[in-house]
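Scroll down for the structure; my scribbles are underneath it.
Laboratory data are not the source of any read-out in this text; all were calculated from the coordinates shown. None of the values given here were measured: they were computed from a predicted structure. Cβ coordinates were reconstructed from backbone atoms using ideal geometry, including for glycine residues, and neighbour counts include every protein chain displayed.
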There are 2 protein chains.
Amino acid sequence: MSQSEELKLAGLKTTLPRLKILELFDSNKSRHLSAEEIYKILLDEDAGIGLATIYRVLTQFETAGLVLRHNFGESSVFELADTDHHDHMVCVNCGKIIEFYDDKIEQQQINIAKAHDFTIHDHSLCLYGKCKNCQTA
Amino acid sequence: MSQSEELKLAGLKTTLPRLKILELFDSNKSRHLSAEEIYKILLDEDAGIGLATIYRVLTQFETAGLVLRHNFGESSVFELADTDHHDHMVCVNCGKIIEFYDDKIEQQQINIAKAHDFTIHDHSLCLYGKCKNCQTA
DNA sequence: CTTCTTGCAAATCATTTGCAGGGCG
DNA sequence: CGCCCTGCAAATGATTTGCAAGAAG
């Protein structure tokens, strides 16, 4: 599906800011971007896109289910919602983000919730520490 | 250990704001409080304690290891660090917080980190959903 | 054309900091 | 009595919103 079609499906008009942001997520290796990071990247491209617009677009994308918002540090980071559910490990030294999925943990969360008569809508699991390269530092 | 002694041990002078806040945590059934909540409670008591002071005290307490800071919603909530490690379930409807500890999950996190050559310093696991009383709502 | 969008600036929110007066040890 | 603390107001950083001008369908 083209990016333009994705937008249409979400009930959003095809506009430059939206395409640019989608494009960034599609092409970016890191996958995890904050509004500020997106803003700076687009500034370098002289796209003339304001920070407020980026926040608006990201919120719309989140509502439409196109991206997920995470609250690792103090500001939000977003990632494309194009893969299966996974959790994260964040390197407190270099900021690297490693994704992982573990069936035992997922299952155990469900068991625990059940034991407390709690219905899970969502969950967030984040491990903070040092990645391979930063352990010596 | 008295609250005054706890403060001394942390290298902090015994002052009214600090005692009041410690007292609140000790007496409060909910255990989890935000700076704003503490501020409002103390306002009602006419303690004349400013919000900035509450933030300062909470930060000092966190540094001293007396309290833990969590980032469930958009603002931080604090809890006394007087119990063993545990994770949380937060009811998105009524805000109720349920604490839990699961050995399998803890162990599995360690395994996963190891598999990725990652050294865990800390982790946060939070289940969002509806508690028993809010399921029908 | 009509409605959805955007850029910019001003407004919010949560939290932090500067400063001058006070209080603990 | 010196240094740590506090209240208040102003400063911050992240994110949101008001508004009038511009595009998309």
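Testing the spin-label approximation: label points 7 Å from Cα along Cα→Cβ at A:Arg56 and B:Ala81. State their distance in nm.
Once both label points are built, they end up 4.4 nm from each other.
Need the list of aspartates and glutamates near A:Lys40 for cross-linking: C-alpha distance under 19 angstrom, and skip anything on the same chain fewer than eight residues off.
Answer for A:Lys40, where 19 Å is the Cα cut-off: A:Glu23, A:Asp26, A:Glu74, A:Glu79, listed by chain and number.
Go ahead and set up a Gaussian network model of chain B, Cα springs under 10 Å, then flag whichever of B:Leu125, B:Leu68, B:Leu51 fluctuates most.
Of B:Leu125, B:Leu68, B:Leu51, the most mobile in the Gaussian network model is B:Leu125.
Which lysines have a Cα lying under 16 Å from the Cα of A:Lys13, excluding residues fewer than 8 positions away in the same chain?
Those lysines meeting the cut-off do not exist here.
Find how many whole Å separate the alpha carbon centroid of region B:50-103 from the alpha carbon centroid of region A:31-64.
Their Cα centres are 31 Å away from one another.
Summing -39500 (n - 2.57) over the DSSP H runs of n ≥ 4 in chain B and dividing by its residue number, what mean residue ellipticity at 222 nm do you reach, to the nearest 500 deg cm²/dmol?
So the helix-based figure for chain B works out to -12500 deg cm²/dmol.
With charges set only on the Cβ (+1 for Lys and Arg, -1 for Asp and Glu), what does the dipole of region B:87-136 come to about its Cα centre, in debye to the nearest 20?
For this selection, approximately 340 debye.
Taking the label point as lying 7 angstrom from Cα along the Cα-to-Cβ axis, what are the distances from B:Lys104 to the corresponding position in the remaining copies, in ascending order and in nanometres?
The answer, with the shortest distance listed first, is 0.9 nm.
I need the inter-copy label distances for B:Leu19: point set 7 Å along Cα to C-beta, values in nm with one decimal, smallest first.
Result for B:Leu19, in nm, nearest copy first: 6.8.
Across peptide B:96-105, how many C-beta atoms of other chains are within 10 Å of each residue C-beta, on average?
The per-residue average across the peptide is 4.
Loop only by DSSP, 16 or fewer other Cβ within 10 Å of the Cβ. Give me the chymotrypsin sites (Phe, Trp or Tyr not before Pro) in region A:86-137 that pass, ordered by residue number.
Loop-located and lightly packed - A:Tyr101.
Determine the alpha carbon to alpha carbon distance for each of A:Lys20/A:Lys96; B:Lys29/B:Lys96; A:Lys104/B:Lys132 and list only those over 22 Å. Write down the numbers at each step before the final one.
Values: A:Lys20/A:Lys96 24 Å; B:Lys29/B:Lys96 11 Å; A:Lys104/B:Lys132 24 Å.
Correct reply: A:Lys20/A:Lys96; A:Lys104/B:Lys132.
Answer rounded, prolate or oblate for chain A, using the Cα gyration tensor with square roots of eigenvalues a ≥ b ≥ c: rounded when a/c is under 1.5, else prolate when a/b is larger than b/c, else oblate.
Oblate, because a/c is 1.5 or more while a/b does not exceed b/c.
Give me the distance in nm between label points sitting 7 Å out from Cα along the Cα-to-Cβ direction at B:Leu19 and B:Cys94, one decimal.
3.5 nm
Sort shortest first the distances from A:Glu45 to its counterpart in every other copy, using label points 7 Å along the Cα-to-beta-carbon line, and give them in nm.
For A:Glu45, the other copies' label points sit at 5.5 nm, shortest first.
Could you give each residue of region B:42-59 its phi-based ³J(HN,Hα) in whole Hz, using Karplus coefficients 6.51, -1.76, 1.60 with θ = phi - 60°, and x for Gly or Pro?
So the Karplus estimates, Gly and Pro as x, are 6, 5, 4, 8, 6, 7, x, 9, x, 4, 4, 5, 4, 4, 5, 5, 4, 5 Hz.
Which one of A:Thr14, A:Phe72, A:Met1 is farthest out on the positive end of the charge dipole of the protein assembly as shown, using unit charges on Cβ (Lys, Arg +1; Asp, Glu -1) and the Cα centre as origin?
A:Thr14
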